[in-house]
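The values are calculated or read from the model by the stated rules, or taken from the named source; none is laboratory data. None of the values given here were measured: they were computed from a predicted structure. FYI the Cβ positions are ideal-geometry reconstructions off the backbone, even for glycines, and counts take in every protein chain you see. Only protein heavy atoms, including side chains, enter the accessible area calculation; ligands, DNA and RNA are left aside. Shrake-Rupley method; radii C 1.70, N 1.55, O 1.52, S 1.80 Å.
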Amino acid sequence: MITIGIPHTGMFTAKNWQHLINQLIPESKTITISEKMIEPLPELDFIIFDGGADVSPHLYNETPHITTLSNAQRDKVEWKIGQLYMNNPKTKFIGICRGHQFLNVLMGGTLYQDLRSIGLGHKSFHQTIQTKKSKLSKYIQDSSILTNSYHHQAVKTLGNNLTISLKEANTNITEGLESTEGDKIRSVQCHPEFVEFQHALNLLQYLFRLNE
């Protein structure tokens, strides 16, 4: 049985995620987790950090841009959860949209607070390019794939022990991350859970480390 933790602050509830995950991993269960957990912590195979408000710039020592709208309570909760499970070798992190950016910050990275203000905005649906030697290549053979993205922020400087798996084709904006050592983190800027593009299910399989 695969157990997946969903922070109670997430965009989707554990029930919502369970419906989707059942299609990928029939033998699985989702549970709601919070920053109030104490030892012994629940045994989790994955934690999903999903979409939502901007990550607070205070977490990477910057002043908020006029367009940045963060949720301090969510940042506090998910930061604590990330810290609780950071050194747990069994638990792997999945990041989607905000969660992709959050995990980069959790690992010491920074963000562009508004892509349009620096001339790097893009359409909601756009081409992304796989980088060489990414674990993603086991799931998608095409070097360039169409993805969706609805966020105005993006990864700026990489966090520790992270490498780029996907880039936006025209701007080179980072749209996918994975761990350089081990397999703690896999994240994407897009929303494969919406199943709006051809390779969405392949990306979900990649995030959940299926068939490896």
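Being among the aromatic types (Phe, Trp, Tyr), closer than 28 Å to Pro26 by Cβ and open to solvent by 20 Å² or more (accessible area, probe 1.4 Å) is the requirement here; does Phe194 meet it?
It is true that Phe194 is among the aromatic types (Phe, Trp, Tyr), closer than 28 Å to Pro26 by Cβ and open to solvent by 20 Å² or more (accessible area, probe 1.4 Å).
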- Query: Which condition number in (1) open to solvent by less than 10 Å² (accessible area, probe 1.4 Å); (2) under 22 Å from Trp17 (Cβ atoms); (3) over 15 Å from the mean Cα position of the chain (by Cα) is the one that Tyr139 fails?
  - Reply: (1)
- Can you tell me which residue among His8, His58 is in contact with a strand residue (DSSP E or B) (Cβ under 9 Å, 6 or more places away or on another chain), open to solvent by 10 Å² or more (accessible area, probe 1.4 Å) and in contact (Cβ under 8 Å) with a residue 40 or more places away in the chain? His8
- Task: Determine whether the stretch 70-90 contains at least one residue that is touching a residue at least 60 places away in the same chain (Cβ under 8 Å), acidic (Asp, Glu) and either out of contact with any His (no Cβ under 6 Å at 6 or more places or on another chain) or in a loop (DSSP other than H, G, I, E, B) (or both).
- Result: yes
